[in-house]
Amino acid sequence: MFTGIIETIGEIKQIKKDGNNIVFTIKSEISSELKIDQSLSHDGVCLTVIETTESSHSVVAIKETALKSNVKEWVIGSLVNLERAMKLGDRLDGHIVQGHVDQTAKCTNISEENGSWYFNFEYEESENITVGKGSISVNGVSLTVVESGPGNFSVAIIPYTYEHTNFKKLNVGSTVNIEFDMIGKYIAKLIKKN
């Protein structure tokens, strides 16, 4: 479990294919503190650390992960948001994020609004929904939905979040990982079932 409060940004340094899997080596300021078998959110994707050095760590993405997320678009030099799993007893500053990406979305508009930014996203309609003032995770960042429509939503980004996440590198057309609010997903499934 994660909170969606990003600790740092990592840079993809190496990409290797291993059968259907993809092995990523990522340089970050927290890599030296990580342990093998530790869960770590990379742009909202929960991946297991398989190797560490003083300045980098390696993780494996399986085929299913590549199909449901934007990891297939990562290249050497890509910047990814990193967050370690929350500790029991810590404050939950964001919202409950599982690290299980539901699907991807495309950025359709970015506008600066006197010191903050509004990002609009479109996604393929599914049973998942967004709700105005509800929670959503975009590239692992816990955010509040500003406006919500069928297959689209917008979020507002404050300067701190913009500077300390990879939002500053997003462009119109960028693909992002989205994880819908866990409670909302269960409610949507219950409604569909009845």
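Every residue in the range 40-63 that is under 27 Å from residue 143 (Cβ atoms) and surrounded by 15 or more Cβ atoms within 10 Å (Cβ to Cβ), please. Across the range 40-63, the qualifying residues are 40, 41, 42, 43, 44, 45, 46, 47, 49, 57, 59, 61. Among residues of the range 173-194 being exposed (fewer than 10 other Cβ atoms within 10 Å of the Cβ) and touching a residue at least 40 places away in the same chain (Cβ under 8 Å), the one that is farthest from residue 71 (Cα to Cα) is 192.
Summed over the range 16-30, residues that are surrounded by fewer than 16 Cβ atoms within 10 Å (Cβ to Cβ) and closer than 19 Å to residue 69 by Cβ total 7.
So that you can scan it fast, the table gives a plain yes or no per residue for (1) closer than 16 Å to residue 5 by Cα; (2) in contact (Cβ under 8 Å) with a residue 24 or more places away in the chain; (3) surrounded by 15 or more Cβ atoms within 10 Å (Cβ to Cβ):
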site	(1), (2), (3)
153	no, yes, yes
158	yes, yes, no
163	yes, no, no
169	no, yes, no
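Please work out which residue is farthest from residue 119 (Cα to Cα), limiting yourself to the range 144-194 and to residues that are small (Gly, Ala, Ser) and part of a strand (DSSP E or B). Across the range 144-194, the extreme among qualifying residues is 149.
Filtering 14, 98, 38, 103 for residues that are among the polar types (S, T, N, Q), farther than 16 Å from residue 178 by Cα and touching a residue at least 60 places away in the same chain (Cβ under 8 Å) leaves a single hit, 14. Taken over the range 1-40, residues that are small (Gly, Ala, Ser) and farther than 25 Å from residue 163 by Cβ amount to 2.
For the condition at positive phi and without any contact (Cβ under 8 Å) to a residue 60 or more places away in the chain, residue 77 does not qualify. Taking the listed residues 168, 189, 193, the one that is of a type outside the set (S, T, N, Q) and under 18 Å from the mean Cα position of the chain (by Cα) is 168, with no other qualifying.
Table: residues versus (1) touching a strand residue (DSSP E or B) at 6+ places or on another chain (Cβ under 6 Å); (2) more than 25 Å from residue 173 (Cβ to Cβ); (3) not in a helix (DSSP H, G or I).
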| position | (1), (2), (3) |
| --- | --- |
| 6 | yes, no, yes |
| 14 | yes, yes, yes |
| 25 | yes, yes, yes |
| 46 | yes, yes, yes |
| 77 | no, no, yes |
| 88 | no, yes, yes |
| 94 | yes, yes, yes |
| 106 | yes, no, yes |
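Here the condition is being in contact with a Cys (Cβ under 9 Å, 6 or more places away or on another chain), outside the structural domain of residue 175 (by TED's automatic domain parsing), of a type outside the set (Val, Ile, Thr) and outside any loop (DSSP other than H, G, I, E, B); of 40, 67, it holds for 40 alone. Can you name the residue in the range 105-129 that is surrounded by 18 or more Cβ atoms within 10 Å (Cβ to Cβ) and modelled with pLDDT of 90 or more and is also farthest from residue 191 (Cα to Cα) among such residues? Among residues in the range 105-129 that are surrounded by 18 or more Cβ atoms within 10 Å (Cβ to Cβ) and modelled with pLDDT of 90 or more, the one farthest from residue 191 (Cα to Cα) is 117. Being more than 23 Å from residue 153 (Cα to Cα) and surrounded by fewer than 13 Cβ atoms within 10 Å (Cβ to Cβ), is that true of even one residue in the range 64-74? Scanning the range 64-74, I find at least one residue that is more than 23 Å from residue 153 (Cα to Cα) and surrounded by fewer than 13 Cβ atoms within 10 Å (Cβ to Cβ), so the answer is yes.
The values are calculated or read from the model by the stated rules, or taken from the named source; none is laboratory data. This is a predicted model, so every value here is computed, not measured. Methodologically, a virtual Cβ is constructed for each residue, glycine included, from the backbone with ideal geometry; neighbour enumeration extends over all protein chains shown.
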